[in-house]
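Student: First, the structure itself, so that you have it in front of you.
The values are calculated or read from the model by the stated rules, or taken from the named source; none is laboratory data. All figures in this text were calculated on a predicted structure; none of them were measured in a lab. When we count neighbours, we look across all protein chains shown, and the Cβ atoms used for this are built from the backbone with ideal geometry, even at glycine.
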Amino acid sequence: MGHTVVVATRSFGSTSNEPRKILEEHDCAIVLVDERASDAALLDALSTADGLIVGGRQITASFINACPRLRVISKHGVGVDHINLGAAAARGVIVTNTPGANANGVADLTFALMLAVARPIFEANAALKRGEWGRYPGVELWQKTIGLVGLGAIGSAVAKRAAGFDMTVLVHDPFVDHDTARDVGAATASLDELLQVSDFVSLHATLTEDTRAIITASMLARMKRSAYLINTARGELVDEEALFRALATGRLAGAALDVFAVEPPTRVDLVNLPNVVATPHIGSHSVESTTNVSTMAARNTVLVLTQQSPISQVN
């Protein structure tokens, strides 16, 4: 007997046919639903579905409870804070994700953002295209100190790239010991110490109730006035009002943001500050990362539907 899998993310299979083949070879009929479709349209598709592959769309308890056949929710990505894990567990629905599959893409963007905010690349590029020929001073990354808040797959990939810039790497992660940090060329530090001495602070923590708004006004006040904050993890890790005030008053040199508490961002005043570089949550949108994530999401789905253990289960 075949399975029905609803795919509600535009990125799935957009860079390779392999993820679709994995589903089709295991007798899975694919039902595509636009990730921006109405709740009613998604619920209609899910009413007879065995699996769901989803991106950042909210999957509430009411969705899960209205899907009698649903057996697996496969996150097309890593963060699952938008999926009601408790409701899924109560219904026996397995939730999976794809840790590490997009690590290199996000790590690359992290360094691109650091370089762009430290050396005003976007400003200089725009000015030159207007016919201007000016001077745009910045600072170097070479031999600076970078503080990583979180050392999962992405944080570890950033640490490895930092070695190429001869940077001192500090890590704050309550789940990481000294030996694990040393393996990627880093040293552990308290959050206080990391904020006080880092020239660049880069966020790579998972969003939980413990990490929500972990970067507050008081935390920003601990940072050097010459420091930069980089966030390619989750917007909710940062108190955006406090960040706006720190940047607008010169308390912080700059910030580079790929994620926001509300997306698209409603804090246009923050995005439009001259010392902010902002991108629309594109960290994992490299060809390689999209292929890796889609393939892993498809495999997770098939493994659950064939009564095997998925590669990564989160509930």
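Student: Among the listed residues R245, R251, identify the single one that is outside any helix (DSSP H, G or I), in contact (Cβ under 8 Å) with a residue 24 or more places away in the chain and surrounded by fewer than 23 Cβ atoms within 10 Å (Cβ to Cβ).
Tutor: Just a single option satisfies the conditions, and that option is R251.
Student: For segment 174-193, which residues satisfy the criterion of being in a loop (DSSP other than H, G, I, E, B) and farther than 25 Å from W142 by Cβ? Even if it seems obvious, please write down each step before you answer.
Tutor: So in segment 174-193, the residues in a loop (DSSP other than H, G, I, E, B) come out as 174-177, 184-185, 189-190.
Listed by number, the residues that qualify are P174, F175, V176, D177, S190.
Student: What are the residue pairs meeting all of these: first residue in segment 135-157, first residue of a type in the set (S, T, N, Q), second residue loosely packed, with under 15 Cβ neighbours inside 10 Å, Cβ atoms under 6 Å, and 6 or more apart or on different chains?
Tutor: What qualifies is Q143/D166.
Student: Here is a further query. Is there a residue in segment 182-196 that is under 26 Å from V276 (Cβ atoms), modelled with pLDDT of 95 or more and of a type in the set (K, R)?
Tutor: no
Student: From the list S62, S16, exactly one residue is touching a residue at least 24 places away in the same chain (Cβ under 8 Å) and among the hydroxyl-bearing types (S, T, Y). Which is it?
Tutor: S16
Student: Just wondering, is there one or more residues in segment 268-279 that are outside any loop (DSSP other than H, G, I, E, B) and in contact (Cβ under 8 Å) with a residue 60 or more places away in the chain?
Tutor: Yes, the conditions are met somewhere in segment 268-279.
Student: Is segment 187-198 home to any residue that is touching a Ser or Thr at 6+ places or on another chain (Cβ under 8 Å), surrounded by 19 or more Cβ atoms within 10 Å (Cβ to Cβ) and not polar (S, T, N, Q)?
Tutor: no
Student: Still on this structure, please answer the following. Filter segment 147-178 down to the residues that are modelled with pLDDT under 95 and among the acidic types (D, E) and list them by number.
Tutor: Matches in segment 147-178: D177 only.
Student: Just to be sure I understand, how many residues within segment 96-127 are under 18 Å from the mean Cα position of the chain (by Cα) and either not assigned by TED's automatic domain parsing to the domain that holds L257 or not charged (D, E, K, R) (or both)?
Tutor: Number satisfying all stated conditions: 18.
One line per residue, one yes/no per condition, for (1) touching a Phe, Trp or Tyr at 6+ places or on another chain (Cβ under 7 Å); (2) under 14 Å from L203 (Cα atoms); (3) polar (S, T, N, Q):
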site	(1), (2), (3)
L113	no, yes, no
I121	no, no, no
N125	no, no, yes
L128	no, no, no
W133	no, no, no
P137	no, no, no
K144	yes, no, no
G150	no, yes, no
A163	no, no, no
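Yes or no, residue by residue, for (1) assigned to a helix (DSSP H, G or I); (2) touching a residue at least 60 places away in the same chain (Cβ under 8 Å); (3) farther than 15 Å from V117 by Cβ:
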{"position": "T208", "(1), (2), (3)": "no, yes, yes"}
{"position": "L220", "(1), (2), (3)": "yes, no, yes"}
{"position": "E241", "(1), (2), (3)": "yes, no, yes"}
{"position": "A261", "(1), (2), (3)": "no, no, yes"}
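Student: Hey, does segment 143-151 have a residue that's of a type in the set (G, A, S), assigned by TED's automatic domain parsing to the domain that holds V268 and surrounded by fewer than 22 Cβ atoms within 10 Å (Cβ to Cβ)?
Tutor: Checked against the condition, which is being of a type in the set (G, A, S), assigned by TED's automatic domain parsing to the domain that holds V268 and surrounded by fewer than 22 Cβ atoms within 10 Å (Cβ to Cβ), segment 143-151 yields no hits at all.
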